[in-house]
């Protein structure tokens, strides 16, 4: 059974990733944000600010540093939104 | 070598730029530095307009004499940290001079500007504290937060409203709130609304820390920086700065209105475990503080602001997309990294040294030609800088053709 909440967060992440993914590379839960999508380190933090505002959560920078894939970002948002 | 494989993408990026312009723009070697605004590469004289030598004091006779006298009196090095090897009279004199200049209770000097932020940020914040950091903060501020046990939240650049929102979002405040901004931002040359940040920070019961590395010396009635210029210096908790810009040396400082700041000397690792600044570095900076807080400083500030307005208008008239209002830092947005590198190289080959700044070192993933002015620049120097940028517009077609040929 698909995890609808995670799917919704994944879709939101994809939407906010668009401006940082000009070559329109395919995005999956396994995509490395820096390694596959080549989003630069500062842009990752800009993306995170947009997600913080959308979900009204705080994602501390030390947590962002440990997040490597889109899936890990989705999981972190889900947990923080539930707290 | 497998050890270096992780740098493959950086190597190919550097390689591409080298292929385009035949050199590494982040590795410029001058054959001579003849003065505050002139250098030489080979047989070519270069106007220096990317040195952050804002007040041009690096060749000031009194600063040079002070540095030489300190070497004669106390030697070339301190051979270790102040904790292990002792404090020199020069350290004490400079800390007193800076505390007096700011009207603050406490001042600690550090070995570099970078270490100042590493030390102060990591030393002043702890496990349960939360750091709120401006999105465009310099790398040394980011590294300072990494060295801290505190959690760090980034807020939108120069937005007190966004800071307010993010501070309000914290549900349970276990420790202190510590807000970090800069005065003059080094890439775009834009300035912070310090009074508004103070209001938000103190309303949430937090402390405000301002890095005035690029604004000390050039802003404010006595040159203390932007907090002084905005009339709120007495309310700011901590102000950090560097010796390597207006103070014409190398090192850094942090002043505080809180006398308890002194205890931080016992916990700041980048202070405890590194060699203290040398007598000559400290003495040159001390002489420069005296100049900044004097009619000489007033005259230097008057000139750098005149030159800033002259250059800003000149480049604006040429149609360059400038990042901010006139200030000692003037940056023009360029379409991309390759064009920026070609243009930067053309300027250098034609006798003008400016900075090239590219992502991730820049805000909004921009590529910039960045100029830092000096009070030592004359009206004619700035005319020449504007003329070079005008010529650069004229050769755009040739540069693009060269680029296409090389890329092809």
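Taken together, the values in this text are just the output of simple stated rules run on the coordinates, not laboratory data. Given the structure is predicted, the values throughout are model-derived calculations rather than measurements. All Cβ positions, glycine included, derive from the backbone under ideal geometry; neighbour counts span all protein chains shown.
Brief remarks on what is shown
- For segment A:4-82, the relative contact order is 41 percent, taking Cα pairs closer than 8 Å that sit 6 or more residues apart in sequence and dividing their mean separation by the residue count.
- Set of segment B:149-178 residues, backbone N closer than 20 Å to the point 7 Å along the Cα-Cβ line of residue A:56: B:154-156, B:161-173
- Measure of compaction for segment A:4-82 (Cα Rg per 2.2 N^0.38 Å): 0.97
- Once Rg and the Kirkwood radius are both taken over the C-alpha atoms of segment B:61-292, their ratio Rg/Rh works out to 0.97.
- Going from the fewest other Cβ atoms within 10 Å to the most, the residues B:283, B:215, B:111 appear in the order B:111, B:283, B:215.
- Angle in degrees between helix B:194-203 and the longest Cα principal axis of chain B, rounded to the nearest 10: 40
- Note on A:57-65: average number of Cβ atoms from other chains within 10 Å of each residue's Cβ is 5.
- Taking every DSSP beta bridge that has both ends in the protein assembly as shown, the antiparallel portion is near 60%.
- Cα convex hull of the protein assembly as shown, projected area averaged across orientations, nm²: 25.6
- Cα shape, segment B:226-377, gyration tensor, a/c 1.5 rule: prolate
- Between segment A:18-68 and segment B:1-24, the alpha-carbon center distance in angstrom: 25
- Projected label distance in nm at residue B:61 and residue B:32, using a 7 Å step from Cα toward the beta-carbon: 2.2
- Neighbour counting of Cβ atoms within 10 Å sorts the residues B:151, B:256, fewest neighbours leading, into B:151, B:256.
- Calculated mean residue ellipticity at 222 nm for the protein assembly as shown: -14000 deg cm²/dmol, from DSSP H runs with n ≥ 4 weighted as -39500 (n - 2.57), summed, divided by the residue count and rounded to 500.
- Degrees separating the helix B:113-124 axis from the principal Cα axis of chain B, which is the longest one: 30
- For the segment B:357-364, counting C-beta atoms of other chains within 10 Å of every residue's C-beta and taking the mean gives 3.
- Computed from the alpha carbon atoms alone, the convex hull of chain B holds 164 Å³ per residue.
- Between helix B:295-317 and chain B: long-axis angle, C-alpha atoms, 0 to 90°, nearest 10: 40
- When both bridge partners sit in segment B:184-325, DSSP labels roughly 65% of those beta bridges antiparallel.
- Cα principal axis extents for segment B:1-148, largest first, Å: 53, 48, 31
- As a proxy for reagent exposure, B:216, B:320 were ordered by neighbouring Cβ count within 10 angstrom, fewest first; the result is B:320, B:216.
- Within 10 Å of the Cβ of each residue in B:150-156, the mean number of Cβ atoms contributed by other protein chains is 5.
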